[in-house]
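Structure first, then comments.
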Amino acid sequence: MKKLSLLRLVASLLGSALIATTTQAKDFRLGLLTPPQHIWSQAASAFAADFEQHSQGRHKVALFPAAQLGNEAQMLQQLQTGALDMAFLTNAELSNRAPELGALYAPYLVQSVEQAGQLLTSPEVQQLLDQLPARAGVVGLAFGTGGLRQILSRTPVHSASDLKGRKLRVTPIEALRDFYSHLGAAPTPIPLSGVFDALANGQVDAVDMDLELIWGLKFYEKADTILLSKHMMWPVVGVVSARVWRELSPEDRQALQTLMRKHLAQTFTAYIAKEREWEQAARGSGKRIVEVGPEFFAAAIEAWEAKWRQKAPALPALRQLAKSLQ
Ligand code: BEZ
C-alpha cells in the first residue's frame, strides 16, 4: 500500500515536471539574412505574430533580419548549439550540409514561381528535409521561395561567351559554383551582405540574383544589363534548432509546423504577383534587357546535370515530378 502511494507521488511529480516543460513560456529568436522589407522577412514577421497569438501570448518571437546574427553559415552554427532557436534559411546554406538539397538548383527544373510552389510543397520534396537533423542539426519544417534567378551584368552580354572569364558573384554554394564554372565564367562566392559593394567597386562584373533584390536593394543602379534568364528557383526553408525542438511540447511543435507552412506558403503567392511587377519595371527602366532561356546555357546545363546526378540521386525523380507539374 505504502509502495503504491510512493509510486503515485513519483508519477504525479513527474507529471507536473512534464507539464512545467510543455507549458513553459519561451522567448524565441528567429534569424534571417534578408532586410526587413524583403518578402521573407515579412513572412517571418507575420509568422511571429501568428505564433504569439496562437500561444495566447505565452511565447514571443524576436526577429533578427538583415544578417544581424551573422551570415547563414554563422546562423547555422548558432542553431546547432541552440543559441538561436529558429531561422528562415536559404536552401543554399543547407545544401552545403546536405548535398541532396542541391538538386533543387537544377537549371530550369521549373519554369515559373507557380511551378516552384507546387514542387516545393510536394511530399517528395518535403521528404528531403528529413535528413536535416542528422546533417545540419536543425529540423526543417517547410519550404517557401524567393524569385527565380537572373543575371545582372556591368558589361553587355549577348551570348554565353560574353561571360567567359568574367567574375560573376554567386551565393557561396557548390551547385552555383559548378554551374558558372561549366559556363566558363569565374564564379566568385560572396554572401548577400557583400554584393552591393562588390558590384559598386568592380570586384565582380556580374551577379547571380533575383529581381526582388535587383530592384529592392537597387543593385540595378550599379549595372546596365539585366539578363532575364529565370534559370533556377530559390527555395527558403523554415528551420528550428534540433536542440530546441527536443525541448518543445507536441502542441508547440505542431503549431510551429502549421504556422511556418502557412506563412512560407504566402511567399509563393507574393512572388507570383511581384515578379510580374518587377519584370515590368525592369523592362521600363531603360536598362539593357536580354531575354534568354536554356539554350543560352546549354553545355553548362548538361555538365551540371551529369555531376549532380551523382551528388544528388533524387535529381532524376525531381525532374520527372517537375515535368508532370507543367
Ligand atoms: C542570395 O544569396 O543571392 C540571396 C540570399 C537570400 C535571399 C535572396 C538572395
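Give the residues of the range 225-254 that are in a strand (DSSP E or B), within 16 Å of the ligand (Cβ to nearest atom) and not small (Gly, Ala, Ser), sorted by residue number.
Scanning the range 225-254 gives 226, 227, 235, 236, 237, 239.
Every residue in the range 205-224 that is part of a loop (DSSP other than H, G, I, E, B) and either touching a residue at least 40 places away in the same chain (Cβ under 8 Å) or closer than 22 Å to residue 70 by Cβ (or both), please.
Listed by number, the residues that qualify are 205, 217, 223, 224.
Would you mind telling me which numbered condition in (1) in contact with a Phe, Trp or Tyr (Cβ under 6 Å, 6 or more places away or on another chain); (2) within 15 Å of the ligand (Cβ to nearest atom) residue 33 fails?
Status for residue 33: all satisfied but (1).
Residue-wise test of (1) over 13 Å from the mean Cα position of the chain (by Cα); (2) away from the ligand (no atom under 16 Å from the Cβ); (3) within 25 Å of residue 246 (Cα to Cα).
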{"residue": "80", "(1), (2), (3)": "yes, yes, yes"}
{"residue": "84", "(1), (2), (3)": "yes, yes, yes"}
{"residue": "87", "(1), (2), (3)": "no, no, yes"}
{"residue": "95", "(1), (2), (3)": "no, no, yes"}
{"residue": "102", "(1), (2), (3)": "no, no, no"}
{"residue": "108", "(1), (2), (3)": "yes, yes, no"}
{"residue": "115", "(1), (2), (3)": "yes, yes, no"}
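Looking only at the range 175-195, which residues are crowded, with 20+ Cβ neighbours inside 10 Å and more than 14 Å from the ligand (Cβ to nearest atom)?
Scanning the range 175-195 gives 178, 182, 183, 185.
Scan the range 259-287 for residues that are farther than 19 Å from residue 110 by Cβ and touching a residue at least 40 places away in the same chain (Cβ under 8 Å) and jot them down.
259, 260, 261, 262, 263, 281, 282, 285, 287 - these are the residues of the range 259-287 that are farther than 19 Å from residue 110 by Cβ and touching a residue at least 40 places away in the same chain (Cβ under 8 Å).
Quick grid of which residues meet (1) surrounded by 19 or more Cβ atoms within 10 Å (Cβ to Cβ); (2) hydroxyl-bearing (Ser, Thr, Tyr); (3) over 15 Å from residue 261 (Cα atoms):
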site	(1), (2), (3)
42	no, no, no
48	yes, no, no
53	no, no, yes
56	no, no, yes
68	no, no, yes
93	yes, no, yes
98	yes, no, yes
103	yes, no, yes
107	yes, no, yes
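I need the full set of residues from the range 245-303 which are among the aliphatic types (A, V, I, L, M), exposed (fewer than 14 other Cβ atoms within 10 Å of the Cβ) and not assigned by the TED database to the domain that holds residue 219, in order please.
273
Restricting to the range 261-285, what's the tally of residues that are outside any helix (DSSP H, G or I) and within 28 Å of residue 48 (Cα to Cα)?
Counting residues in the range 261-285 that are outside any helix (DSSP H, G or I) and within 28 Å of residue 48 (Cα to Cα) gives 0.
The values are calculated or read from the model by the stated rules, or taken from the named source; none is laboratory data. Keep in mind that this is a model prediction, so the values were computed, not measured. Note: ideal-geometry Cβ built from the backbone for every residue, glycine included; neighbour counts use all protein chains shown.
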